[in-house]
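Presented below is the structure to which this report refers.
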Amino acid sequence: MYAMQYEITLPADYDMSIIRHRVATRGHRTDDFGGLGVKAYCVRERGVGGSTVNQYAPFYLWHTIEGMNRFLWGGGGFQGIVTDFGRPRVRTWTGAGYAQGPDRQLEPTIAIRHTEPLPADIDPIDAARLELSEMDKRSATSGVVVTAFGIDPMVWEIVQFTLCSNDNDLSGIRYQVLHQSIPDRDRLASGPHW
């Protein structure tokens, strides 16, 4: 599994209905995209839910690297982002764990991303095991649809990503979810990815 996100920060006075329309008319295109486990069409809207920015920030959990590559440079969809907004920096994390929550059959309305650096004095094995335990706790939280975590070994950063059917007290950056595509969600293995 591979986790991926790009964030497009928009002007403070940007009409976010443009993004909502974009997702409403184009979001279905990834509903059957091979290799894609989960795509959450995430936005932050200035003045809503404590956000200070307008942002379009889709988050992906890829079942296969081939699907991710086809999306990014094989003509699979990323070109539309580049054409309309310029080429954003794409963050990736090696997927290390995945779990479905009690609300797995519901549509998510909230996404929460939490990142934290892995201190230099922490053994990566211990950190991954601890994060797996935290993921298991998150997956049992009321309202959780799915949760996952990944690690970027270049900068030793852990990312937690959770989709929820309602708001809760999980910490991190909160996004509104406008649409989710889950063509290969059932092919994402639950538990550790090592």
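The values are calculated or read from the model by the stated rules, or taken from the named source; none is laboratory data. Since we're looking at a predicted model, the values are computed, not measured. As a convention, Cβ positions derive from the backbone with ideal geometry for all residues, glycine included, and neighbour counts pool all protein chains shown. Calculation scope for accessible area: heavy atoms of the full protein, side chains included, ligands and nucleic acids excluded. Shrake-Rupley method; radii C 1.70, N 1.55, O 1.52, S 1.80 Å.
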Next on the checklist: Only four residue types carry charge here, +1 at the Cβ of Lys and Arg and -1 at the Cβ of Asp and Glu. Report the dipole size of the chain about the Cα centre in Debye, rounded to the nearest 20.
Outcome noted: 560
Next on the checklist: Please list, by residue number, every one of the trypsin sites (Lys or Arg not before Pro) in segment 57-103 that is coil in DSSP and has at most 12 other beta-carbon atoms within 10 Å.
Outcome noted: 89
Item to check | Bins of 10 Å from zero: percent of alpha-carbon pairs in segment 1-72 | outcome: 19, 45, 27, 8
Checklist entry - What span do the alpha-carbon atoms of segment 77-167 cover on each of the three principal axes, reported in whole Å from largest to smallest? => result 42, 37, 18
Checklist outcome for this item: With DSSP loop assignment and no more than 10 other C-beta atoms within 10 Å, the GluC sites (Glu not before Pro) in segment 130-194 are none
Checklist entry - Between segment 74-95 and segment 142-182, how many Å separate their Cα centres? => result 19
Checklist entry - In segment 120-186, what chymotrypsin sites (Phe, Trp or Tyr not before Pro) fall in a loop by DSSP, with at most 16 other Cβ atoms inside 10 Å? => result 156
Checklist outcome for this item: Note to self: with every protein chain in place and a 1.4 Å probe, the chain gives an accessible area per residue in Å² of 49
Checklist entry - Can you pull the percent of the chain's accessible area that's carbon plus sulfur, 1.4 Å probe, other chains left in place? => result 52
Checklist entry - To the nearest 20 debye, what charge dipole does segment 69-169 have about its Cα centre, counting +1 at the Cβ of each Lys and Arg and -1 at the Cβ of each Asp and Glu? => result 480
Checklist outcome for this item: So, over other residues within a Cβ distance under 12 Å of residue 72, counting Lys, Arg +1 and Asp, Glu -1, the net charge is +1
Item to check | the chain pair-distance distribution - Cα-Cα, 5 Å bins, rounded % | outcome: 1, 8, 17, 21, 21, 17, 10, 4, 1, 0
Checklist outcome for this item: If unit charges are put on Cβ atoms (+1 for Lys and Arg, -1 for Asp and Glu) and the dipole of segment 74-194 is taken about its Cα centre, the option from 160, 118, 88 lying farthest towards the positive end turns out to be 88
